[in-house]
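Working notes for the structure below.
None of the figures in this text is laboratory data; all of them are computed from the coordinates on show. Predicted, not measured: the structure shown is a model, and the values here were computed from it. In this analysis, Cβ positions are derived from the backbone assuming ideal geometry, glycine residues included, and neighbour counts consider all displayed protein chains.
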Amino acid sequence: MLVALGNYKGKQVSFDTETALNQHILILGKSGSGKSVQAQKIITGLSQQEKTVVVFDLHSIASEEQIFPLYREAFTNDAHEVDVYHEGLSCNLFLPLTFSDGETEKQIDTVGAVVDMISRATKLGTGQRAVLRRAVSLVAENGEYDIFGFSAIDRALSGEGTVAAEAVREKLYPLTAHNIFRPGSTFIEMGKINIIRLSKFDLETQGIVAELLLSYFWRVAVTSEFCGQGIFIFLDEFQNLPSGKEGAVSQILSEGRKFNINLILATQQFEAKSASSLHQKLMQCGLILLFHPNTAQAGTLARIIDSGAAKNWTQVLQTLDRGEFISIGPMLLDNILIRKPLRLSSRV
């Protein structure tokens with residue numbers, strides 16, 4: 001598959017996903033540099049090839065006025081909007097997975113997966129996880145998710161009547177009060193730009209729901225659900241999500257290629273912790289696009305291109321105009337495969 005990126009000396013350049021290490025895309029650069037418009041270009045390009053895209057609308061980044069006019073019609077025509085604030089997310093959260101070999105997951109493992117997803121997203125301690133496990137087990141045994149949705153967990157915790165259970169109820173309150181997950185078929189439409197509207201929640205709840213969703217996508221992916229057509233998930237300012245090695249972003253970066261679940265990540269603040277597990281995984285993204293950086297970040301981004309020529313690349317990065325970027329990854333130019341960094345422009 002080819003993904004149009006921009007122009008090099010008047011000629012179209014595309015990302016060649018077939019020869020890339022993976023299909024993850026990392027977009028870095030300061031606010032106003034053009035990285036959001038580039039992400040929209042990539043998303044619409046994928047949609048035009050009937051790929052399934054999921055856009056996490058955090059902080060209203062996918063509201064109509066934030067979509068560049070050139071891509072607004074494509075977004076509108078291909079969009080499937082999910083109003084999480086009012087309608088929740090329809091999915092079979094407690095349904096045991098069926099693996100590619102036909103075997104069905106045991107209920108104890110379904111419970112464990114749900115507990116793990118919620119615990120990581122809400123940062124529960126070991127003792128709190130044990131309390132949550134009892135509640136989730138009860139919900140699974142009684143089939144109450146199919147009746148009450150995610151709020152069934154709150155009902156089970158309330159029935160415990162302990163201080164520990166009340167503490168867990170408080171942690172989960174934003175999720176249970178809004179009944180985030182509800183019984184029904186999946187909220188995703190294949191071949192569409194699925195816009196998950198989260199912006200009406202407070203910032204903390206947006207982050208929790210986003211992490212839960214990523215974990216859910218990863219859980220579904222390991223059954224080979226997306227292996228055919230694949231799925232692309234766009235996250236802006238992804239650094240606000242949990243970044244540990246057990247976090248969903250880290251897991252998908254590591255093994256997403258195997259299950260055809262791919263990330264498009266954008267941020268203006270890139271932490272240069274080269275020893276961190278997440279940093280190392282980000283550097284393995286199949287395509288990295290570097291836009292004009294903040295002054296303090298210029299040297300960091302230059303070392304991504306070529307640590308031996310960081311000074312020269314720092315100067316190049318600082319001369320990039322809005323909509324210009326350095327592309328790192330396998331690209332096709334005049335049907336010739338290019339692997340060296342190129343200065344491209346997506347300005348229209």
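Per the Cα gyration tensor, the chain maps to an equivalent ellipsoid with semi-axes of 38, 21, 19 Å, ordered largest to smallest. Too long at a 25 Å Cα-Cα cut-off: which of Lys192/Lys340; Lys51/Lys200; Lys171/Lys200; Lys258/Lys281? Exceeds cut-off: Lys192/Lys340; Lys51/Lys200.
Spin-label pair Lys340-Glu141: with each label point 7 Å from Cα along the Cα-Cβ axis, the two points sit 6.7 nm from one another. Of the residues Arg120, Arg339, the one with the fewest other Cβ atoms within 10 Å heads the list, and the complete ranking is Arg339, Arg120. Backbone amide hydrogens, once placed in the peptide plane, bring Phe181 within less than 5 Å of Leu89, Phe150, excluding anything fewer than 5 places away on its chain. Seen from Gly32, the other residues with C-beta closer than 13 Å to its C-beta sum to a net charge of +1, counting Lys and Arg as +1 and Asp and Glu as -1.
One decimal place: the segment Asn7-Met190 gains 62.9 nm when fully extended, by the rule 0.36 nm per residue minus the C-alpha distance.
Based on the Kirkwood approach, the hydrodynamic radius assigned to segment 100-180 is 12.8 Å, with every pair of different Cα atoms included. DSSP beta bridges in the chain, what fraction antiparallel, as a percent rounded to 5? Just about 40 percent of them are antiparallel. Calculated mean residue ellipticity at 222 nm for the chain: -12500 deg cm²/dmol, from DSSP H runs with n ≥ 4 weighted as -39500 (n - 2.57), summed, divided by the residue count and rounded to 500. Percent of Cα-Cα pairs more than 20 Å apart in segment 207-348, please. Everything past 20 Å amounts to 53 percent.
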